[in-house]
Structure formats: structure tokens, C-alpha cells
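Sharing a structure, written as C-alpha cells. Questions coming.
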């Protein structure tokens with residue numbers, strides 16, 4: 001077997017905020033009826049977290065569940081377990097109208113940390129990043145300059161950004177430009 | 001800049017996060033209809049100065065289609081509502097009537 005590689009092999013840049021390619025992350029797209037008890041149980045079994053509220057992410061010790069749309073969730077699990085967990089989900093939901101797909105290798109994940117993190121994202125996304133508007137545990141799908149992206153904020157004020165793997169280099173370059181040390185605006 | 005609230009995820013999305021889907025509440029005339037009906041369904045669109053109903057998609061977000069009622073002259077948005085309907089709901093009509101008494105659009109008023 002060949003070794004799996006993440007999109008940018010842990011690329012890192014420190015400017016107004018620190019940008020890091022986060023490496024391999026197991027990700028499962030799950031579509032189905034989010035109010036279904038079977039689905040809720042299967043999600044809990046796979047990630048240890050419950051189905052979150054609209055535009056929120058629920059994190060546990062072993063994984064996380066993010067709200068993508070009224071009928072879609074993004075399940076985060078360890079990369080090594082993603083194939084087994086996808087199979088287990090498919091099995092548990094065999095009687096439901098639902099679909100679980102392993103999309104780990106189709107995406108890239110970045111972390112964005114440091115005091116300037118809100119400002120760096122604020123320059124490239126049409127989203128209000130005020131402390132009162134975007135809180136830890138909030139999850140948002142939006143546009144990052146010219147490409148689609150999703151991100152959430154954890155308790156340590158670190159943003160976790162998910163984008164398509166094919167645009168990973170674009171997103172990294174974009175974040176680097178936005179985090180240029182001489183580009184401080186000071187809004188957030 | 002047009003800002004519409006997505007009725008599915010509650011995001012107050014600005015125009016660049018959305019995709020315009022043309023006129024709302026079209027009645028489809030397919031096989032079995034007359035040439036005139038099909039022609040009108042295919043080509044005849046409203047171009048109002050004032051109240052207008054449109055379809056939008058939250059493309060860089062939850063990905064869902066929804067409807068919006070807005071004014072083409074002032075860009076005022078009267079409301080957004082689900083795509084699973086073939087007519088504007090009563091609360092949207094009431095909101096428009098409160099601001100534009102006597103409005104009409106196709107068969108709705």
C-alpha cells in the first residue's frame with residue numbers, strides 16, 4: 001500500500017496569524033433525515049458527539065459532527081478509522097434513506113490560530129467575525145475569495161478550515177496574503 | 001449589495017454567497033400543452049418596477065434553493081421563504097401589502 005499524503009504536507013506560515021495545514025483528517029459526509037432516531041444513534045456511535053444545532057459543531061474526545069445543511073452532516077473521525085466507520089454508518093442506516101461517504105482524501109484542512117485569526121478570515125469571507133457574532137462552536141459554510149470553504153472556531157480561538165483538496169494551494173496562498181504582517185486592519 | 005436571509009440556515013447572506021435562479025412560481029407547460037402556453041412558459045418573464053418574486057440558491061452555504069420577495073426599485077427585501085411552495089405564503093403577502101398597498105404580480109396580489 002502507498003502511504004496517504006495530505007494536500008500540502010503540513011505547510012506552515014506565521015504572519016498576523018499562524019496558518020498550518022492540519023494533515024490527514026478522516027471526514028465523512030452524511031446525508032439523511034437529521035431528526036431520525038436511527039441516524040442520531042449512528043452519528044453518536046461513530047463520533048461520540050450528538051447531532052448539533054443549526055450552524056454549530058459538536059465536538060467529543062473521539063470526533064466531531066458539524067451541521068452542513070438541513071439534511072447534511074460532516075463527521076470528523078481519526079483518519080485511520082474512517083473506512084471502518086463509514087462502513088458501520090452505512091450498515092446502521094441500511095433501512096433509512098441516507099448516504100454516508102468517505103471524503104477524507106477529497107478535502108484539505110487548515111488551522112488558523114493567533115490574535116489576528118478573525119481579521120485574516122474577515123478579509124476573505126463575507127462573514128461577521130465580531131466576538132459577539134462568531135462564537136466558539138459556530139460552524140459556517142461560505143465563500144473564501146473565489147472558492148467554497150467551511151470553518152469552525154474552537155474554544156482556544158483557533159479556526160479549523162475545510163476546503164476542497166484541489167484548491168488547497170490556492171487557499172493557502174490566499175491565507176498567506178491575508179495574514180501578511182504589514183496588512184493589519186485592526187477591525188476585530 | 002443585496003442581503004437575503006436564507007430560510008434554511010438563517011445566514012444573512014450577501015449576494016456573492018448566493019446564486020440567482022430567475023423568476024419564482026413559474027407554472028410548467030410541457031408535453032400536451034398548446035404552442036402558445038409552451039411559448040409563454042419558456043420565454044415570457046415579468047420585468048416589474050416594484051414588487052418581484054425570485055428564486056435564489058444559497059450556493060456557497062447550505063446549498064438550498066429558496067424564494068425571495070423584494071422590490072426592484074429600492075432593493076428592499078420583504079422576506080424570504082421556502083422553495084417547497086407554488087405561491088407566496090400569507091405572511092409574505094401581508095408584509096408586502098403593509099409597504100406597497102395595492103401591489104400585484106402575475107396572479108398574486
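Which of the numbered conditions does residue A:162 fail, given that it passes all the others? Conditions: (1) closer than 18 Å to residue A:59 by Cα; (2) touching a strand residue (DSSP E or B) at 6+ places or on another chain (Cβ under 7 Å); (3) surrounded by fewer than 22 Cβ atoms within 10 Å (Cβ to Cβ).
(3)
Yes/no matrix, rows are residues, columns are (1) assigned to a strand (DSSP E or B); (2) more than 21 Å from residue B:59 (Cα to Cα):
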position	(1), (2)
A:28	yes, no
A:40	no, yes
A:44	no, yes
A:51	no, yes
A:54	no, no
A:68	yes, no
A:76	yes, yes
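If you scan region A:108-140, which residues turn out to be in a helix (DSSP H, G or I) and away from chain B (no Cβ under 14 Å)? Full working, then the answer.
Restricting attention to region A:108-140, the residues satisfying the condition of being in a helix (DSSP H, G or I) are A:117-122.
The answer is A:117, A:118, A:119, A:120, A:121.
Another question, then. Pick from region A:59-88 the residues that are within 14 Å of chain B (Cβ to nearest Cβ) and under 12 Å from residue A:101 (Cα atoms): which of them is farthest from the chain's Cα centre (by Cα)?
Let us first name the residues in region A:59-88 that are within 14 Å of chain B (Cβ to nearest Cβ), namely A:66-74.
Narrowing the set further to residues that are under 12 Å from residue A:101 (Cα atoms) leaves A:72-74.
Numbers: A:72: 13, A:73: 11, A:74: 8 Å.
So, considering only residues that are within 14 Å of chain B (Cβ to nearest Cβ) and under 12 Å from residue A:101 (Cα atoms), the one farthest from the chain's Cα centre (by Cα) is A:72.
Looking at this structure, is residue A:61 touching a residue at least 12 places away in the same chain (Cβ under 8 Å), within 23 Å of residue A:143 (Cα to Cα) and not assigned by TED's automatic domain parsing to the domain that holds residue A:157? Spell out how you get there, then give the answer.
Working: touching a residue at least 12 places away in the same chain (Cβ under 8 Å): yes; within 23 Å of residue A:143 (Cα to Cα): no; not assigned by TED's automatic domain parsing to the domain that holds residue A:157: yes.
For residue A:61, the condition - touching a residue at least 12 places away in the same chain (Cβ under 8 Å), within 23 Å of residue A:143 (Cα to Cα) and not assigned by TED's automatic domain parsing to the domain that holds residue A:157 - is not met.
Only residues that are part of a loop (DSSP other than H, G, I, E, B) and surrounded by 20 or more Cβ atoms within 10 Å (Cβ to Cβ): list them for region A:167-184, please.
Taking region A:167-184 first, the residues part of a loop (DSSP other than H, G, I, E, B) are A:179-184.
Residue satisfying the conditions is A:179 alone.
Matching residues to (1) under 13 Å from the mean Cα position of the chain (by Cα); (2) closer than 26 Å to residue A:9 by Cβ:
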residue: A:108; (1), (2): yes, yes
residue: A:124; (1), (2): no, yes
residue: A:133; (1), (2): no, no
residue: A:138; (1), (2): yes, no
residue: A:152; (1), (2): yes, yes
residue: A:155; (1), (2): no, no
residue: A:166; (1), (2): no, yes
residue: A:177; (1), (2): no, yes
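Give region A:33-50 a look and list any residue that's surrounded by fewer than 19 Cβ atoms within 10 Å (Cβ to Cβ) and touching a helix residue (DSSP H, G or I) at 6+ places or on another chain (Cβ under 8 Å), or say none.
Going through region A:33-50, the residues surrounded by fewer than 19 Cβ atoms within 10 Å (Cβ to Cβ) turn out to be A:33, A:35-38, A:40-41, A:44-45, A:48, A:50.
Answer for region A:33-50, where residues must be surrounded by fewer than 19 Cβ atoms within 10 Å (Cβ to Cβ) and touching a helix residue (DSSP H, G or I) at 6+ places or on another chain (Cβ under 8 Å): A:33, A:38, A:41, A:45, A:50.
Follow-up. Determine whether region A:10-32 contains at least one residue that is surrounded by fewer than 15 Cβ atoms within 10 Å (Cβ to Cβ), more than 14 Å from chain B (Cβ to nearest Cβ), touching a strand residue (DSSP E or B) at 6+ places or on another chain (Cβ under 7 Å) and at pLDDT 95 or above.
First, the residues of region A:10-32 that are surrounded by fewer than 15 Cβ atoms within 10 Å (Cβ to Cβ): A:10, A:12, A:14.
Retained after the next criterion (residues that are more than 14 Å from chain B (Cβ to nearest Cβ)): A:10, A:12, A:14.
In the following step, the residues that additionally are touching a strand residue (DSSP E or B) at 6+ places or on another chain (Cβ under 7 Å) were identified as A:10, A:12.
Filter once more, keeping what is at pLDDT 95 or above: A:12.
For region A:10-32, residues surrounded by fewer than 15 Cβ atoms within 10 Å (Cβ to Cβ), more than 14 Å from chain B (Cβ to nearest Cβ), touching a strand residue (DSSP E or B) at 6+ places or on another chain (Cβ under 7 Å) and at pLDDT 95 or above: present.
The values are calculated or read from the model by the stated rules, or taken from the named source; none is laboratory data. What you see is a predicted model; the values in this text were computed from it and never measured. Please note: Cβ atoms are built from the backbone with ideal geometry, for glycine as well, and neighbour counts cover all protein chains shown.
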